[in-house]
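As structure tokens, the structure follows; a few thoughts come after it.
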Amino acid sequence: CPADGSGRRTFELSMRPRLDKLGIFKAAPDDLTASEIERFVRLDIDPDSITWKRVTDTNDRYLRGVSVGTSPSEVNKKTGESLGRESGFAITVASEIMAVLALATDLSDLRARLGRMIACTSRAGEPLTADDFGITGALTVLMMDALMPTTMQTLEGTPALVHCGPFANIAHGNSSVVADRLALKLVGPPGDV
């Protein structure tokens with residue numbers, strides 16, 4: 001945390017959820033004890049518990065299982081142990097982020113839902129979320145333009161709101177809450193568009 005114009009350092013807003021989760025209610029990094037700093041910065045990720053896969057819009061079965069971190073430079077700097085592990089790719093609509101986008105009602109709700117997503121656990125079994133990694137703001141910025149549905153037209157000339165697409169076999173499988181609410185506002189009293 002860089003110092004402000006008066007030389008005072010304060011936590012960024014994106015750091016607050018992790019601090020609150022740890023029960024640390026101090027406003028400035030300089031006020032933390034060595035133990036609190038260690039708890040705050042050390043996530044101690046269990047690599048076998050990582051649930052977030054990389055995503056792509058190309059359905060390629062060979063990418064469902066891949067080995068990552070196999071380069072000789074991918075090692076733990078303290079122990080020299082290889083950081084290689086098995087991972088894989090999923091298609092975008094099969095991602096948890098797609099499901100969260102479909103359920104969000106507005107930008108603040110999207111941010112809150114993204115922040116609660118569990119990416120892995122620590123070696124002690126503690127769930128680690130996007131908020132713990134401090135990436136919720138970045139995720140929200142990347143997704144905020146996707147929050148509004150697209151208006152398209154059917155072959156019959158009927159307007160259609162197309163938005164999201166989480167698979168029904170792994171998620172709720174519907175269009176988005178935003179698209180549904182918008183569609184309800186467009187429908188006339190007898191149900192005509």
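The values are calculated or read from the model by the stated rules, or taken from the named source; none is laboratory data. Everything numeric here is computed off the predicted structure, so don't read it as measured data. Quick reminder, even Gly has a Cβ in these numbers, built from the backbone with ideal geometry, and neighbours come from all protein chains shown. Heavy atoms of the whole protein, side chains included, go into the accessibility calculation; ligands, DNA and RNA do not. Shrake-Rupley method; radii C 1.70, N 1.55, O 1.52, S 1.80 Å.
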Computed, not fitted: 222 nm per-residue ellipticity of the chain from DSSP H runs ≥ 4 (each -39500 (n - 2.57)), nearest 500, equal to -7500 deg cm²/dmol
Heavy-atom accessible area of the range 68-148 with neighbours in place, 1.4 angstrom probe: carbon+sulfur share in percent works out to 60
Using modelled amide H (1.01 Å from N, peptide plane; none on Pro or chain starts), what sits under 5 Å from the amide H of residue 128, excluding residues fewer than 5 places away? 119, 120, 121, 122
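About the Cα centre, and with charges only on the beta carbon of Lys, Arg (+1) and Asp, Glu (-1), how big is the dipole of the range 11-66? Nearest 20 debye, please. If you can, show how the numbers build up before the last one.
On the way: 10 positive and 11 negative charges, 58 e Å.
Taking the Cα centre of the range 11-66 as origin, the dipole is about 280 debye.
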Tell me, what is the per residue accessible area of the chain in Å², probe radius 1.4 Å? 65
Loop-only check: which GluC sites (Glu not before Pro) in the range 1-40 are DSSP coil with at most 11 other Cβ within 10 angstrom? 12
Among 92, 121, 58, determine the one that fluctuates most according to a GNM of the chain built with springs between C-alpha atoms less than 10 Å apart. 58
Is the chain best put as rounded, prolate or oblate by its Cα gyration tensor, with a ≥ b ≥ c the root eigenvalues, rounded for a/c under 1.5, and otherwise prolate when a/b is larger than b/c, oblate when not? oblate
Contact order normalised by residue count of the range 26-176, Cα under 8 Å, 6+ apart, percent: 21
